[in-house]
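As C-alpha cells, the structure follows; a few thoughts come after it.
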Amino acid sequence: MDARLNLVFLWHMHQPDYRDAFSGQPLLPWVRLHGTRGYLDMAAMLWRFPEVKATVNFVPVLIDQLEAVVTGGERDLYWHLTLKPAAELTEADARFVLAHFFSVNHESCIRPRQRYWSLLQKRGTDLPFRAPGEFTEQELRDIQVLFNLTWFGFAARELLPELEVLEAKGRNFTEDDKRRVLELQVEALGRVLPMWRALGERGQVELTATPYFHPILPLLMDSNVAARAMPQAPLPPRFSAPDDARLQVERAVARHAEVFGQPPVGMWPAEGSVSPEVVPLFAAAGLRYIATDEAQLFRSLPAEAHVSRGILHQPWTIEVGGARIDAFFRDHEISDLIGFTYARNPASVAVDDFIGRLEAIASRAGTGPTPTVSIILDGENPWEAYPQSGQAFLETLYTRLTQHPKVRTALPSEVLDARTGPAPTLRTLHSGSWIGGDYAVWIGHAIENTAWRHLGDARAFFAKAEARGAHGPEVLERCREHLLRAEGSDWFWWYGDTFQSDNDADFDYLFRAHLRRMYTLLGAEIPAPLERSLYPTAPSVAQREPRSFVSPNFHGESTYYDWLGAGTIELSGGTSSMYRVSNAFSRLRYGFDLDSLFFRLDPPDAGERTPLAGLVLRVETVGAERFQADIDLDSPESAQVWHVGADGERFDPVPLRQVKVRHGGVELGLPFRALRAAAGDALQISLHLLRDRVELDRYPGGRSLSLVVPDESFEDANWSV
C-alpha cells in the first residue's frame, strides 16, 4: 500500500433491544430516529466518496430492530403518541409529549428552528415543566411534528425533498403533515441496510459485527475477571455462563452472514471489552481480527517496558489460550475529538486539526513501517451535536482525505494483507474495556451488582429447569433468548453512578422484564424483587440550582463554605450514550452575590486530566446584549470582558479582576455591571474551552445555562431548613 499513513475508520452502529419482553412493543424510538439520521447519513456520504474506505460495525440486535420497523411494521410508544391526534391527547399523553419530545440536542437541533425553540422556552428546561393545559392543540401538534422532523439527517432531506417543504413550513402543521412525516421516516429507514449492503459489495466498506445483544463478553465468561483491573471494587456473586458467551458470538456471525451475504471478517467486542478467555471464542468463530482500545495494548505490555506511542499505530497479533487473532487498537485521543470536540468548531478548523495530527504521526514514523491509525467511535451519536448532522464536517474530511498525497483510508483486512515481516505479538492480554481499561461502568456499583445477582439467579434457575427436562425445546429456546437479551451491556451502563438518562425507568423495566418473562415461560413465580425498580430511590439529579448567595475567595485557598449555596452541574457521565476518556473538569459550580456572577470548574475526581497549559476559557453571555470574556489559563491576570456587536466585533473591554487558576481548577467572577445586566434581567451563559482555534469542550454540554440576575429577595425566596 503506497501511503505514509493508513487510516482505519471503524464506525460502530448500535442500539439496545427496546422491545418489551411481554408485549413485543418497542418502548423507545432511538432505532427509528437514528435510522433517519446517522445510519443513513453515514452510508450516503461514503457513497459520494468512493475513494474513502471505512469499516462499519453493525450489532445484530440493531439490525433486527431496523428490519422490524421497515418490514414488520413494529411501532414504538413515541410513534403512537405522535400519530395520535393532538385533540385526543389525554393530560397524561400531553405530559409525556412535553417531557420527551424535546429529546434532541437543544443547541444544534432546536435553537435553529424558531417555532421549536419558542415551544422549548415555553415548556422550560428545568423541572417542573409548564402544565399541558397551558399549551394549545396546535402547539402540541407542532411539537409532535417537529420532534420527528428535526431528527432527519442530511441524506434523508436530499433523498426525500418533501421534508424540506415541511421544514420550510415550520409551524401550524396539520394531522396530515404529521402522518406524512412518519411515512417518510419508514421510507428513509428502508434505504439503510440496502445501502450498506451495496457499499460492502463494491468493496468500499468492510462490515463487521459485535456479539449479538452487545454483552460485556468477559463478564459473561466470568464476572470475577473484573477484579483484575478493579481489585478494590465490591463485586456481585460470581456469574459465569461461557456457553452464553459462545452463543452471543456464534449467533452474531450467523445473523450477519444472513443479512449481508457473508460472515463478518472482524468484530468490535461490545465496548471494546476483552480478556484472555474470550480470544478463543473469536478465533473459533472464524474471525480474522478484533478491535479494542489502546488501554488494553499499553496495559498488556510489561510494566518495565519503555514504549513510545508509535507502537499503537500498527496491528498486533494476540496469542493467548492456544488461540491466535489479529487486533487493532483504538487511538482514543483522536477518536474522542470526532466524538466530542469537533462538533463545536467550523468544519475547516476541525479537519485541519485532524489532518495535522495524522501528518505529525506520519512524520514521527520517518522511514519506518507505515503507521496505521485506528479511529473507532459511534457512527450514530456524535452527529446530533454537529450542525446539519455533521454534513459539512464529513464532506470536508472526506474531500481532504481523498486529495491527501500521504494519507490513505484502508480496510483492516487490506492492512493485514499488506503486512510484511513478523507481526508484533502479545502473549498476554489485559482484561478491560475501552473505558478506563476496566469494567467499572458495568459492574461494581450497588445497583449494577444487584442486577448481576438477579441475572445470575435467573440463569441458574434456567439451567436447573433445562436439566429437569420438564419443558420442550421451544420453551427453553424462548427462555434462553430472554436471558441473552438481559445480558446486554446497556442496562448496566445506565444502572451505575456514571450515567443517567430521562429513560432510566425504561431501561430498568426492560432488563427486569426479560428475567420476569423467563420465569413465567417456565411456569414459575416471579421473584418479588423483579416486580419493582432496582433503584432504591430515584436516581440523583445531575444539576442543582443555586440556593443562596456565594462569596468566593480569589486570593487564597477555597473552602467548603465559599461555594456552599452554589448551583452544581455534573459534567462527567451525565446523560450521554457516549463516554470520553479525558476531561478537563468534572463539575461546574455557579452562583452570585448582588454584584457578580461566579463560576467554578473543578478538576476530575479521578482518571486522566486535560492539561490546562495553552488553553483559553471563554465565557459568553447573551441577554439584551452579548458579552464575551477570554481567560488565558497560563496568564489569567490579563482577562477582559468584551462587548460583542452583531457582526462579532469586540469593543469596550473591562478588566476582569476575579480570576483564579489553581490545582487544576478555575474560579472566576463577572461583575453584572460589566455585562450591563440589572436585577431581574435574564441571561443565557455558556463556557467554552479552546486550544488555538479549536473548541475542546463546552459547559454545560449542548445547551446554555439560564439564570435571572438576583435582587435582595433571592435568599428569602430560596430559604429552607
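Listed values, structure above:
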{"quantity": "Signed unit charges on C-beta, dipole axis of the chain, positive-most listed residue ALA460, HIS688, TYR495", "calculated": "ALA460"}
{"quantity": "Those trypsin sites (Lys or Arg not before Pro) in the stretch 184-222 that DSSP places in a loop and that have at most 15 other beta carbons within 10 Å", "calculated": "ARG202"}
{"quantity": "The chain: relative contact order in percent, alpha carbon pairs under 8 Å with at least 6 residues between", "calculated": "14"}
{"quantity": "Packing-based ranking, highest mean first, of 223-230, 596-603 given that Cβ atoms within 10 Å are counted", "calculated": "596-603, 223-230"}
{"quantity": "Estimated [θ] at 222 nm from DSSP helical runs (n ≥ 4, -39500 (n - 2.57)) normalised by residues in the chain, nearest 500", "calculated": "-11000 deg cm²/dmol"}
{"quantity": "Cα Rg, Dmax, the stretch 436-530, angstrom units", "calculated": "14.2, 45"}
{"quantity": "Gained length - GLU359 relative to LEU594, 0.36 nm times residue gap less alpha-carbon distance", "calculated": "79.5 nm"}
{"quantity": "Of all DSSP beta bridges in the chain, antiparallel share, percent nearest 5", "calculated": "65"}
{"quantity": "Cα-based equivalent ellipsoid of the stretch 646-685: semi-axis lengths in Å, sorted from largest, via gyration tensor", "calculated": "23, 15, 11"}
{"quantity": "Longest to shortest principal axis, alpha-carbon extents of the chain, angstrom", "calculated": "75, 68, 54"}
{"quantity": "Filtered trypsin sites (Lys or Arg not before Pro), the stretch 93-135: DSSP coil and at most 13 other beta carbons within 10 Å", "calculated": "ARG130"}
{"quantity": "Partner aspartates and glutamates for LYS169 [C-alpha distance under 20 Å; skip if fewer than 8 residues away on the same chain]", "calculated": "GLU137, GLU139, ASP142, GLU158, ASP177, GLU183"}
{"quantity": "Contour minus Cα-Cα distance for ASP417 and ALA254 (0.36 nm per residue)", "calculated": "56.2 nm"}
{"quantity": "Sorted by Cβ density within 10 Å, fewest first, the residues ARG587, ARG480, ARG532", "calculated": "ARG532, ARG480, ARG587"}
{"quantity": "Per-selection metrics, the stretch 95-213 (Cα): Rg and Dmax in Å", "calculated": "17.5, 56"}
{"quantity": "Estimated FRET transfer efficiency when R0 is 56 angstrom, pair ARG662-GLU175 (beta carbons, to 0.05)", "calculated": "0.45"}
{"quantity": "Charge dipole (debye, nearest 20) of the chain; +1 at Cβ of Lys and Arg, -1 at Cβ of Asp and Glu", "calculated": "1060"}
{"quantity": "The stretch 147-198: Rg to Rh, with Rh as the Kirkwood radius over Cα pairs", "calculated": "1.00"}
{"quantity": "Under 23 Å from the Cα of LYS406 - lysines, other chains or at least 8 residues apart", "calculated": "LYS53"}
{"quantity": "Value of Rg/Rh across the stretch 630-702 [Cα atoms, Kirkwood radius]", "calculated": "0.96"}
{"quantity": "Order of HIS555, HIS313, HIS663 - criterion: other Cβ atoms within 10 Å of each residue's Cβ, fewest first", "calculated": "HIS555, HIS663, HIS313"}
{"quantity": "Within straight-line cross-link reach of LYS84, lysines at Cα separation under 16 Å, skipping those fewer than 8 residues along the same chain", "calculated": "LYS178"}
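Values quoted throughout were computed directly from the atomic coordinates according to the rules given, and no laboratory measurement underlies them. What you see is a predicted model; the values in this text were computed from it and never measured. Cβ sites come from the backbone with ideal geometry, for glycine too, and all protein chains shown count toward neighbours.
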